[in-house]
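Please treat every number below as a calculation from the coordinates, not as lab data. Source: prediction; values computed, not measured. Every residue, glycine as well, gets a Cβ built from its backbone with ideal geometry; the counts of neighbours run over all protein chains shown.
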Amino acid sequence: MTTDAAQRVAERRPAYLAELAQGTERFHEPRRTDCPWCGSERLRARLRTTDLVQRKPGSFRLDRCGDCGHSFQNPRLTPDGQAFYRRDAPEGPAERRLSAARTRSRAHARARALRAFDEPECWLDVGTGDAHFPALARQVLPYTAFDGLDEGAGVLEGLRRGRVEEGHRGSLTELADSLAGRYDALSMFHGLPCGPDPREELRAARTVLRPGGHLMIEAPDPECRYAGLLGKWWASYGQPRHLHLVPLANLRAELEELGFTVVGVERRAPHVPLDLSTAVELLLDRGIPEPDVPWRAKPASPLQLRLRRAARGASVPLVALARALDTLLQPVLTRTGFSNTYRVIARRGADTQGAQDTRAAAGQPRSASA
């Protein structure tokens, strides 16, 4: 750690310690006794864990509904708790750790998947970070205008670099009314689990889309077999960032209830081949001395930091082997229930009075306004 970095950590430490002195229990809402998706009281603990990435103090629990299969953080973090645990967290999805070539290939595949149903005039990428996806997708859809939306400052950097034509900072639910009917394509890549209410996110997406527009969602698949095999070391649990894990069947039903027609479902291609390598890294981090971080009361000594660097260096071959296995086993794993991500593409229906009329109108040509 450089002298400047150590100084920044030291400057932020008093504020963090003051927050932690009040305890972490205040960061949690009261515990629910029913499922937020279907209302069932048949809940069981699915996972108990800590913050394995930043290792901030606190513990978290995921419950699973015995009726609908929905998994959710219980008790859920309050807005203050979400801000605390997301502060200083690595920005962007885990797939950013893939090579540049694989990241580009994935972005192109997403753009082609939607192009099979429509070539949109304007596309809003929600949770865009610093807008890498729009910049790459434009290579496949050169006549599509891409905009980005994100709560972080990265979207402004993406705008400055010309990766998007417009950058909106905030949440989709906050900005939906001001963006109503502006887009004929909207993507949400691994953002649905992070919001406090997935249904509200889907309603906001419907508001932003024009009738006939397409919604593309990629989300962690809670039915992935890696979830049981790796337990808390499965990166897609994403605690404490992920508040919900929505089964594919539940998402499809909700989209149809909102007047969407599901036109495409894919469970193999969206898989992010990082399960084994991320699990190994998390396990190794548990046994390696922590770096100097502002939420640690006592600064790490120079000896501890040297030990960490040495241990990380020694673990490189093991992590490299796990990454190689992730890649080599991908064709088999994605055919046998180990795919960690699903993709849904749905077409928004027209605004009608009844659900029957909505379903009938879903195949009508795209309108110019909502």
What is the spin-label model distance, in nm, from GLU174 to ASP80 if the labels are put 7 Å beyond Cα along the C-beta direction? 1.8 nm
What do the square roots of 5 times the Cα gyration tensor eigenvalues come to for the range 233-323, in whole Å, largest first, as semi-axes of the equivalent ellipsoid? 40, 18, 8
Can you give me the distance in nm between label points at ASP197 and LEU283, each placed 7 Å from the Cα along the Cα-to-Cβ direction? 4.1 nm
Compute the relative contact order of the chain as a whole-number percentage, counting only Cα pairs closer than 8 Å that sit 6 or more residues apart in sequence. 17 percent
Only Cα pairs under 8 Å and at least 6 apart count here; give the relative contact order of the range 275-333 as a rounded whole percent. 47 percent
Any chance you could list P(r) for the range 275-333, counting all Cα-Cα pairs in 5 angstrom bins from zero, rounded to whole %? 4, 19, 21, 19, 14, 10, 7, 5, 2, 0
Dimensions of the chain along principal axes (Cα, Å, largest first)? 67, 48, 43
Linear extension gain, ARG160 paired with ALA314, 0.36 nm per residue minus alpha-carbon span: 51.5 nm
Name the most mobile residue of SER301, SER187, SER105, meaning the one with the largest mean-square fluctuation, in a Gaussian network model of the chain with Cα contacts below 10 Å. SER301
THR50 and ARG306 label points (each 7 Å along its Cα→Cβ direction) are spaced in nm at 2.7 nm
Assuming R0 = 45 Å, can you tell me the calculated FRET efficiency for the pair ASP34 and VAL332, based on Cβ-Cβ distance, to the nearest 0.05? 0.70
Please work through the chain and write down the cysteines that have no neighbouring cysteine Cβ at a distance under 4.7 Å. CYS122, CYS194, CYS224
